[in-house]
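Some notes on the structure that comes next.
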Amino acid sequence: MMAPQFLTLLGATGTIGCNTLEVVALHPGRYRIFALTAHRNVEKLAQQCLRFAPRFAVVADAADADRLRALLDVAGTRSGTEILHGPEALCQVASAPETAIVMAAIVGAAGLAPTLAAARAGKRVLLANKEALVMSGALLMDAVRASGAVLLPVDSEHNAVFQSLPHHAAPGLSAAGVSRITLTASGGPFLRRPLSELAQVTPEEACKHPNWVMGRKISVDSATMMNKGLELIEACWLFEASPEQVDIVIHPESIIHSMVAYVDGSVIAQLGCPDMRTPIAHALAFPERIASGVAALDLAAVGALHFQALDLQRFPAVSLAYRAIRTGGTAPAILNAANEVAVAAFLERRMRFDQIPGLIGNVMDALPSGRVATLEDVLEADARGRASAAALIVKQAF
Ligand code: NAD
Ligand code: MG
C-alpha cells in the first residue's frame, strides 16, 4: 500500500471544502490533512480540526486565531494543530514541501494568491476556485507549465470535459481531433421566470438552485448565468480552446455535466448525479478511481433529459464573458471584479438582481484592458474594477 498523501484544503468550511472532507474521510489510509483554511467560520473549522487533526489551521486574522485556539483548548484535544492567520499564511500552507495536493476552494479573488503559490510550488492543484483562473489565466497556466504542477478541474463541467478528452493525445484540441466543447448549464432558478419579474427577485430566491447546493456567491452567479460565463473563460484556459470552440447548452436536469465533440461526429459526455463529490474524488485520485459516496445514476428514474438553446437576452452576463475573453489582457479580471462587487451588493440588498449585468458592462466600458505580465497587473486591474463598480453602485449610475 502506498504512503498517505498530504492535502491542503483552502476554503475548508465552504460547500466544496466540506464535500472534499467527506471524500477524504472515506479513504483515511490514502489521504491525510496537512492544512485546513477558513475565513470567518471558526466554529466549523474547529470541528474539522478536531476530526482531521491537521498540522496547520489558517484563519483571517489574529482575533479569529484566538477564537479558534480557545475552541480547540476547551475541547482539550488540539492534536498539535498550529494556528496561523492572514493571506501570507494561506500561501505558506499551499506551497509547503510537506503537502502534495492542494484543493483550491476559496471563493473569489481571495483565492488567487494561494492557488498561484501552489502552482508555482509544483503541487497537484485541484481547481474549484474558477475566479483565480479567470483573473490570471496566462499566469496560472504558465506557472503550472514552469513548475510541472498538475492542474485538475473540479468544476463539474470542466471535470466532465477533462474526462471526455483523450489523455494520451498530443496537447491541443485539434491534434486530438476535437471539434467543439459543449458546456451544459442548468439555467438556474430563473430559467422560466418572466423577464419583467427579475427586478423583484430576492437573494433567498437567487440562492435556491434547483439541482446543486452551493455557496451564496456561486449561487447568484448561476442565477445570472455569469457562472457559465466564468466557466467559458475557464474552459478556454484549461483546454487551450478559442471562445469559438466552446458553446453552451441549457440542460435543466444537470445529469450530463458537459461533452466533447470530435471531427468524426462522435460526442463523448460524462454523466452522473449532480453531486460535487464525484469531480472531487476524480481529481483527488486521477488517473485512478476511488469511491466518492455518491449514489449511482438511475436513468430510468430520471426519465428524460432536456436541452434548449441559451437565450442571451435573458442571460446577458454570458455575452459579457465572451466579450472579456475575446478582448483578453486584464478584461476577464475586470469582469470578475465587477461581478464580485455586484453580487455582494445584491446579497446585501444594495442593488437589484436585474442590474447586475448592466453594472458589469458599464465597468468594462469604463476601464480599458491592459497587459498581463505579472500578478501585480492582475491585482491592479482587480482593484480598479472593484473601485469602479463600487462607485457606480453608490451613484446608482448604470
Ligand atoms: P462557499 O462560500 O461555500 O465557501 C467559500 C470558502 O472560502 C469558505 O471556506 C470561506 O471561509 C473561504 N473564504 C471566503 N472568503 C475568503 C477570504 N477572503 N480569504 C480566505 N478564505 C475565504 O463557496 P463554495 O460554493 O464552496 O465555492 C468555492 C469555490 O468553488 C468558488 O470559486 C466556486 O465558484 C467554486 N465551485 C463551487 C461549486 C459548488 O458546487 N459549490 C461548484 C463548482 C465550482
Ligand atoms: Mg460548474
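No lab work stands behind these numbers, since they all come straight from the coordinates. Note that the structure is a prediction, hence the values are computed from the model and not measured. Methodologically, a virtual Cβ is constructed for each residue, glycine included, from the backbone with ideal geometry; neighbour enumeration extends over all protein chains shown.
Of all DSSP bridge pairs formed entirely within the chain, close to 30 percent run antiparallel. For region 156-324, relative contact order (Cα pairs under 8 Å, six or more residues apart, normalised by length) works out to 31 percent. In region 72-197, a dipole from Cβ-located charges (positive for Lys and Arg, negative for Asp and Glu) runs towards its positive end, and of S179, A143, G86 it is S179 whose Cα lies farthest in that direction. What are the chymotrypsin sites (Phe, Trp or Tyr not before Pro) within region 279-386 that DSSP puts in a loop, where the Cβ has at most 16 other Cβ atoms within 10 Å? Loop-located and lightly packed - F307. By the count of neighbouring beta-carbon atoms within 10 Å, fewest first, D382, D64, D298, D311 end up ordered D298, D311, D64, D382. Computed from phi, the 3J(HN,Hα) profile of region 14-31 under the Karplus parametrisation 6.51, -1.76, 1.60 (θ = phi - 60°) reads x, 5, 5, x, 5, 5, 5, 5, 5, 5, 4, 5, 6, 9, x, x, 9, 10 Hz, with x in place of Gly and Pro.
Once C-alpha pairs closer than 8 Å and six or more residues apart are averaged by separation and normalised to the residue number of region 5-153, the relative contact order reads 22 percent.
Our summary gives the chain a relative contact order of 14 percent, counting only alpha carbon pairs under 8 angstrom and 6 or more residues apart. Shape analysis of region 156-324 yields a ratio of the Cα radius of gyration to the Kirkwood radius, Rg/Rh, of 0.97. About its Cα centre, region 236-309 has a charge dipole of approximately 240 debye under the convention of +1 per Lys or Arg Cβ and -1 per Asp or Glu Cβ, with nothing else charged. Other residues whose C-beta falls under 12 angstrom from the C-beta of A25 contribute a net charge of +3, scoring Lys and Arg +1 and Asp and Glu -1. Here the residues W237, W212, ranked from fewest to most Cβ neighbours within 10 Å of their Cβ, fall in the order W212, W237. For region 290-298, putting each phi into the Karplus relation 6.51 cos²θ - 1.76 cosθ + 1.60 with θ = phi - 60° gives couplings of 10, 5, 10, x, 7, 5, 5, 6, 10 Hz, in residue order, rounded to whole numbers and with x for Gly and Pro.
Given 25 °C and 0.890 mPa s, how large is the Stokes-Einstein diffusion coefficient of region 328-393 in µm²/s, with Rh as the Kirkwood radius over Cα pairs? It diffuses with D of about 211 µm²/s by this estimate. The loop-placed GluC sites (Glu not before Pro) in region 223-283, going by DSSP, that have at most 13 neighbouring Cβ atoms within 10 Å of their Cβ come out as E240.
As a proxy for reagent exposure, ranking K395, K208, K130 by other Cβ atoms within 10 Å from fewest up yields K395, K208, K130. Direction-averaged projected area, Cα convex hull, the chain: 20.0 nm², rounded to one decimal. Backbone geometry of region 382-398 corresponds, through the Karplus equation with coefficients 6.51, -1.76 and 1.60 at θ = phi - 60°, to 3J(HN,Hα) couplings of 4, 5, 5, x, 5, 5, 5, 5, 4, 5, 5, 5, 4, 7, 6, 9, 8 Hz, x marking Gly and Pro.
A cut-off under 12 angstrom between Cβ atoms defines the neighbours of L284, and their net charge, with Lys, Arg +1 and Asp, Glu -1, is +2.
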